[in-house]
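Student: Let me give you the structure first, and then I'll get to my questions.
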Amino acid sequence: PGPIAMAWKRKKRAEEGPSVTFDVAARFKYLTGFRKRKLQRQKQGARQVMEKERQDRIDVKREHREEIKKHWRQLMWAEKRADRMFGPAALEDEGGSKRRRRRKAALINKASAKAEELEAAAAAAE
């Protein structure tokens, strides 16, 4: 085989392999898609931040409700305890001794002050 036959074989092998086609529309879509994808990521991030803030607000409200309920339970417990110690009508009627009424009122005030301290500490921790 001479040089002409060799050139023909090289040319034939090159044509048999996979060919690459250039699609102008696909290239344009790919290049212009960078900005669109970036904006999409930014919007998704903003949505996630908003959802996290919303969940945080919900959690704060839930914790506040729980603190209020806890405070209320403490007050009821203190009042029941005072009622057991001094009788249920120690503050209401005038027949009880002044000393009993004062002790019951002091117990209730002490419990409410303690609950207010706990609430203030919880608010400061937030």
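The values are calculated or read from the model by the stated rules, or taken from the named source; none is laboratory data. Values in this document were obtained by computation on a predicted structure and should not be read as measured data. Methodologically, a virtual Cβ is constructed for each residue, glycine included, from the backbone with ideal geometry; neighbour enumeration extends over all protein chains shown. For the accessible areas, the whole protein counts, side chains as well, though only heavy atoms, and no ligand, DNA or RNA atoms are used. Shrake-Rupley method; radii C 1.70, N 1.55, O 1.52, S 1.80 Å.
Student: Condition first: touching a helix residue (DSSP H, G or I) at 6+ places or on another chain (Cβ under 7 Å) and either modelled with pLDDT of 90 or more or assigned to a helix (DSSP H, G or I) (or both). Can you find one or more residues in the stretch 65-72 that meet it?
Tutor: If we filter the stretch 65-72 for residues that are touching a helix residue (DSSP H, G or I) at 6+ places or on another chain (Cβ under 7 Å), which is where we start, we get 67, 71.
Imposing the further condition that a residue be either modelled with pLDDT of 90 or more or assigned to a helix (DSSP H, G or I) (or both) reduces the set to 67, 71.
Within the stretch 65-72 (the criterion being touching a helix residue (DSSP H, G or I) at 6+ places or on another chain (Cβ under 7 Å) and either modelled with pLDDT of 90 or more or assigned to a helix (DSSP H, G or I) (or both)), the answer is yes, since at least one residue qualifies.
Student: Condition first: at pLDDT 90 or above, open to solvent by less than 100 Å² (accessible area, probe 1.4 Å), out of contact with any strand residue (DSSP E or B) (no Cβ under 9 Å at 6 or more places or on another chain) and in a loop (DSSP other than H, G, I, E, B). Can you find one or more residues in the stretch 19-35 that meet it?
Tutor: Checked against the condition, which is being at pLDDT 90 or above, open to solvent by less than 100 Å² (accessible area, probe 1.4 Å), out of contact with any strand residue (DSSP E or B) (no Cβ under 9 Å at 6 or more places or on another chain) and in a loop (DSSP other than H, G, I, E, B), the stretch 19-35 yields at least one hit.
Student: Can you tell me how many residues in the stretch 105-126 are surrounded by 15 or more Cβ atoms within 10 Å (Cβ to Cβ) and either in contact with a Cys (Cβ under 9 Å, 6 or more places away or on another chain) or modelled with pLDDT under 75 (or both)?
Tutor: Number satisfying all stated conditions: 0.
Student: Right, something else. Of these, R57, R100, R47, R81, which one is of a type in the set (D, E, K, R) and modelled with pLDDT under 80? Don't jump to the end; show me each part of the working.
Tutor: Details: R57 fails: modelled with pLDDT under 80; R47 fails: modelled with pLDDT under 80; R81 fails: modelled with pLDDT under 80.
Every option except R100 fails the conditions.
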